[in-house]
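A short reminder: the numbers here are calculations on the coordinates, not readings from a lab. Everything numeric in this text was worked out from a predicted model, so none of it was measured. For neighbour counting, all protein chains shown are included, and Cβ atoms are generated from backbone atoms with ideal geometry for every residue, glycine included.
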Amino acid sequence: MTCSENMNLIFLGPPGAGKGTQAKIISRKYSIPQVSTGDILRSAVRESTPMGIRAKEYMDSGALVPDEVVIGIVEERLQQPDCEKGFILDGFPRTVGQADSLARLLEGFGKRIDHVVSISVDDEELLKRISGRRTCEKCGKGYHLIFDPPKDPAVCDACGSALFQRDDDKEETMRKRLVEYNSKTAPLIQYYSEKSLLRVVAGIGSIEDICDNIIKTIDGCRCDNP
Ligand code: AMP
């Protein structure tokens with residue numbers, strides 16, 4: 001039985017499940033970068049790059065950005081030196097096509113996924129949570145008015161700029177995102193379960209409790225894969 005030092009993780013879950021929040025904490029704990037395709041895309045939208053302009057219309061309507069765009073992002077990002085000792089993919093893959101591409105990509109790099117952490121939360125709870133999300137218009141830092149509040153609900157603690165509600169966090173768009181999740185992303189639960197990589201964690205409770213459960217689940221499985 002061998003424990004791999006490197007940790008290559010995927011965080012899977014519906015929008016609002018807390019993937020990003022948990023990925024940030026686990027990223028610090030294991031000293032591996034959080035690779036969030038949503039963050040990379042939002043930054044491209046803010047900078048109005050050609051990719052950002054293309055992605056914006058999909059994101060604003062709650063649709064998934066085409067596979068080839070996000071696969072290109074991940075391919076480039078995983079080759080950065082900070083991903084050598086491991087990474088957390090947050091919000092990728094989101095379709096079976098993306099998962100197949102990721103498997104081919106990692107094989108080419110001589111790497112593999114160690115755990116797929118699936119954070120489960122039901123749809124009604126998600127709709128409640130998402131309405132509290134706010135994002136800084138300048139630096140992109142995310143907050144939640146209840147779970148991770150800024151000192152002033154309208155102002156970013158980090159840079160003092162105004163906070164806004166993302167178009168894709170408004171209720172109608174959120175419902176569309178959930179439909180997208182259930183039809184295109186949820187099949188990955190079965191996909192990774194068949195590969196014995198799936199670790200399901202309930203996404204209900206305090207941020208700390210959920211985080212503890214994720215760590216226990218990962219550490220409990222850590223030496224299982226030779
Ligand atoms: P997130 O912050 O992960 O919820 O992503 C926000 C939005 O970015 C999603 O609703 C999609 O429009 C787009 N996006 C992020 N990651 C992906 C992905 N892996 N595949 C397709 N679209 C994505």
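With θ taken as phi - 60° and the coefficients 6.51, -1.76 and 1.60, list the Karplus ³J(HN,Hα) couplings across the range 97-108 in order, rounded to whole Hz; mark glycine and proline as x.
Karplus values, whole Hz, x for Gly and Pro: x, 5, 5, 5, 5, 4, 4, 5, 4, 5, 4, x.
Given the Cα-Cα distance of Lys216 and Lys111 and 0.36 nm per residue of separation, how much length would full extension add, in nm?
35.5 nm
Hey, with R₀ at 22 Å, roughly what FRET efficiency would Glu68 and Glu194 work out to, going by the Cβ-Cβ distance, to 0.05?
Taking R0 as 22 Å, the efficiency between Glu68 and Glu194 is 0.30.
Relative contact order for the range 16-144: what percent, with Cα pairs under 8 Å and sequence separation of 6 or more?
31
For the residue pair Val179 and Ser48, what label-to-label distance in nm results when each label sits 7 Å from Cα along the Cα-to-beta-carbon direction?
If labels sit at Val179 and Ser48, their model points lie 3.2 nm apart.
Remind me, relative contact order of the chain in percent, using alpha carbon pairs under 8 angstrom and six or more residues apart?
Across the chain, relative contact order equals 31 percent.
How far apart, in nm, are two points set 7 Å out from the Cα along the Cα-to-Cβ line at Arg104 and at Gln165?
Going from the Arg104 label point to the Gln165 one covers 4.1 nm.
Taking the Cα centre of the range 111-223 as the origin, how large is its charge dipole in debye, to the nearest 20, when only Lys and Arg (+1) and Asp and Glu (-1) carry charge on their Cβ atoms?
Dipole of the range 111-223, to the nearest 20 debye: 440 debye.
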